[in-house]
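The values are calculated or read from the model by the stated rules, or taken from the named source; none is laboratory data. Just so it is clear, the model here is predicted, and its values are computed rather than measured. We place every Cβ from the backbone using ideal geometry, glycine too, and count neighbours over all the protein chains shown.
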Amino acid sequence: MENRLALLGSTGSIGRQALDVARGLGLQVTVLAAHHNVAVLEDQIREWKPELAAVYDAGAAARLRKSIADTNTRVVQGLEGLCEAASYPGADAVLNAVVGMVGLHPTLAALRAGKLLALANKEALVAGGALVMREAASRGLPVLPVDSEHSAIFQCLQGAPGKDAVEKLILTASGGPFFGRARAELEHVTPEQALRHPNWQMGAKITVDSATMMNKGLELIEASWLFGIPPERIDILVHRESVVHSMVEYRDHSVIAQLGVPDMRLPIQYALTYPERLPSPVAPLRLTDYGSLTFFAPDEETFACLRACKHAMRRGGLAPAAANGANEAAVSLFLEGKLPFLAIGELVEAAAQRQPAGEGEPTVEQILEADRAARAFVREQALTREGCQ
Ligand code: NDP
Ligand code: MG
């Protein structure tokens, strides 16, 4: 276990739970980073006394500098500040829990600085998987998954003789708040309904991603990169109780699963203590509390995002970056009431298909351009739709 932690996205859902874990483990948090929520960040700075705090938004950074002038914490800003936070010499491990594709830059910065990387920010892997995994491999560094399904698979792979022994990965999905609904029933879904997740308390973006099942599509791509398994060998299984966090099926058809109560502090702690297992604040799993566990096939007709992500990953090249960028833009517009729920999937699919199929490793510049183009496409389409109404 590395003792000095840089926590990016500390004010968010994962960030706050990570601080809870860090408290339990007695870690030192030497770096904190957020976007603009300096009220929460100030409280965190007063408790953890980090050497560095990065605030993406320049105005918020200026406010923070004033309000914590009595402390020894240095405040940096912008993308440059976020990358400085990721590569800061006073931290050994980096937990990247920012939301969105902006997390790609600090992910690369952390690996290039030789940090142990715990990754919650799935968008970085979706958009730049080849690049991220090559940076890690060339330095002999692991990318430790924080996402609960990927942590589960990582745990199920401990002791595996090699990738050849794996037949397939089985990612479980809660199904979100709209499980079992037909497409036509989702036409008038409001942001408030989409933000009501049955099992997990998470940030707004990932909660909407769960409702559209884009989250599972992103996770399929994430798993493919993390474990080097093609998307054809990754199955999705809807499991309403979120107790079986994912599974690995081996060549001999033995299936190994990881179970636990739905509490993100478990995968966060495993990433921070790997390969050790230490006591945690997570409640023990009592299967008799559940009685039975249920499993269903996903409905790709209703949840177009899932289908779109599968296609994007098979297409390769910049298609996943485009799918992710389109989704980020579409979710923001949906939350602002400017795009209907079902349009998210349609636009993700259309944006990914606009990218030519490709093999090989795109550069950061190409990824950023594909992301930008996909967002612009979504905004244009939203305006056209509004005009038609
Ligand atoms: P939240 O929206 O709750 O938090 C996001 C965090 O990122 C906040 O601290 C936010 O700061 C910060 N942030 C956003 N943009 C920037 C930026 N440009 N620069 C610096 N910091 C930034 O999200 P979650 O915690 O739910 O999710 C974080 C990531 O983890 C996502 O990629 C998500 O998919 C993944 N994840 C989350 C799970 C969960 O249970 N929540 C489960 C599995 C994965 P501010 O508060 O100032 O806006
Ligand atoms: Mg997950």
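Between GLY180, GLY175, which is surrounded by 23 or more Cβ atoms within 10 Å (Cβ to Cβ), more than 12 Å from ligand 2 (Cβ to nearest atom) and of a type outside the set (A, V, I, L, M)?
Values: GLY180 fails: surrounded by 23 or more Cβ atoms within 10 Å (Cβ to Cβ).
Going through GLY180, GLY175 in turn, just one is surrounded by 23 or more Cβ atoms within 10 Å (Cβ to Cβ), more than 12 Å from ligand 2 (Cβ to nearest atom) and of a type outside the set (A, V, I, L, M): GLY175.
So, in the stretch 120-153, of the ones that are of a type outside the set (A, V, I, L, M), within 16 Å of ligand 2 (Cβ to nearest atom) and assigned to a loop (DSSP other than H, G, I, E, B), which residue ends up farthest from VAL94 (Cα to Cα)?
ASP147
Give the residue that is farthest from ligand 2 (Cβ to nearest atom), with candidates limited to residues of the stretch 154-172 that are out of contact with any Leu (no Cβ under 7 Å at 6 or more places or on another chain) and in a strand (DSSP E or B). Steps first, please.
Keep residues of the stretch 154-172 that are out of contact with any Leu (no Cβ under 7 Å at 6 or more places or on another chain), which gives 154-169.
Okay, now just the ones that are also in a strand (DSSP E or B), so 166-169.
Details: VAL166: 20, GLU167: 22, LYS168: 18, LEU169: 13 Å.
So the residue we want is GLU167.
Of the residues that sit in the stretch 66-83 and are under 20 Å from GLU365 (Cα atoms), touching a residue at least 24 places away in the same chain (Cβ under 8 Å) and not small (Gly, Ala, Ser), which one is surrounded by the most Cβ atoms within 10 Å (Cβ to Cβ)? Spell out how you get there, then give the answer.
Residues of the stretch 66-83 that are under 20 Å from GLU365 (Cα atoms), as a first pass: 78-83.
Right, trim to touching a residue at least 24 places away in the same chain (Cβ under 8 Å) and you get 79, 81-83.
Those left that are additionally not small (Gly, Ala, Ser): 79, 82-83.
Numbers: LEU79: 13, LEU82: 25, CYS83: 22.
My answer is LEU82.
Evaluate the stretch 107-119: report whether one residue or more is within 16 Å of ligand 2 (Cβ to nearest atom), touching a residue at least 12 places away in the same chain (Cβ under 8 Å) and within 16 Å of the chain's Cα centre (by Cα). Step through it out loud before you land on a result.
Filtering the stretch 107-119 for residues within 16 Å of ligand 2 (Cβ to nearest atom) gives 118-119.
Still in the running and touching a residue at least 12 places away in the same chain (Cβ under 8 Å): 118-119.
After this cut, where a residue has to be within 16 Å of the chain's Cα centre (by Cα) as well, the list is 118-119.
Checked the stretch 107-119: at least one residue is within 16 Å of ligand 2 (Cβ to nearest atom), touching a residue at least 12 places away in the same chain (Cβ under 8 Å) and within 16 Å of the chain's Cα centre (by Cα).
Any residue in the stretch 204-211 that is within 18 Å of ASP263 (Cα to Cα), within 16 Å of ligand 1 (Cβ to nearest atom) and of a type in the set (Ser, Thr, Tyr)? Outline the logic, then answer.
Looking only at the stretch 204-211, we keep the residues that are within 18 Å of ASP263 (Cα to Cα), and these are 204, 206-207, 210.
Narrowing the set further to residues that are within 16 Å of ligand 1 (Cβ to nearest atom) leaves 204, 206-207, 210.
With of a type in the set (Ser, Thr, Tyr) added as a condition, the list becomes 207, 210.
Looking through the stretch 204-211, at least one residue is within 18 Å of ASP263 (Cα to Cα), within 16 Å of ligand 1 (Cβ to nearest atom) and of a type in the set (Ser, Thr, Tyr).
Among GLU51, GLU42, GLU80, GLU2, which is the only one that is more than 14 Å from ligand 1 (Cβ to nearest atom) and at pLDDT 95 or above?
Numbers: GLU42 fails: more than 14 Å from ligand 1 (Cβ to nearest atom); GLU80 fails: more than 14 Å from ligand 1 (Cβ to nearest atom); GLU2 fails: at pLDDT 95 or above.
From the options GLU51, GLU42, GLU80, GLU2, the qualifying one is GLU51.
With (1) out of contact with any Phe, Trp or Tyr (no Cβ under 8 Å at 6 or more places or on another chain); (2) farther than 20 Å from LEU79 by Cα; (3) of a type outside the set (Gly, Ala, Ser) as the list, and LYS115 as the residue in question, which single condition is left unmet?
It is condition (2) that LYS115 fails.
For the stretch 307-320, check the following and say yes or no: at least one residue is over 25 Å from MET264 (Cα atoms) and free of Cβ contacts under 8 Å to residues at least 12 places away in the same chain.
No, every residue in the stretch 307-320 fails to be over 25 Å from MET264 (Cα atoms) and free of Cβ contacts under 8 Å to residues at least 12 places away in the same chain.
Of all residues in the stretch 193-223, which are more than 12 Å from ligand 2 (Cβ to nearest atom), part of a helix (DSSP H, G or I) and surrounded by fewer than 24 Cβ atoms within 10 Å (Cβ to Cβ)?
Listed by number, the residues that qualify are GLN193, ALA204, LYS205.
Please find, among ALA271, ALA312, the residue that is in contact with a Pro (Cβ under 6 Å, 6 or more places away or on another chain), crowded, with 18+ Cβ neighbours inside 10 Å and within 29 Å of MET214 (Cα to Cα).
One residue alone meets the criteria, ALA312.
Please identify the pairs in which a residue from the stretch 24-45 that is over 20 Å from SER87 (Cβ atoms) has its Cβ atom under 8 Å from the Cβ atom of a residue that is aromatic (Phe, Trp, Tyr), counting only partners at least 6 apart or on another chain.
Within 8 Å, the pairs are HIS36/TYR56.
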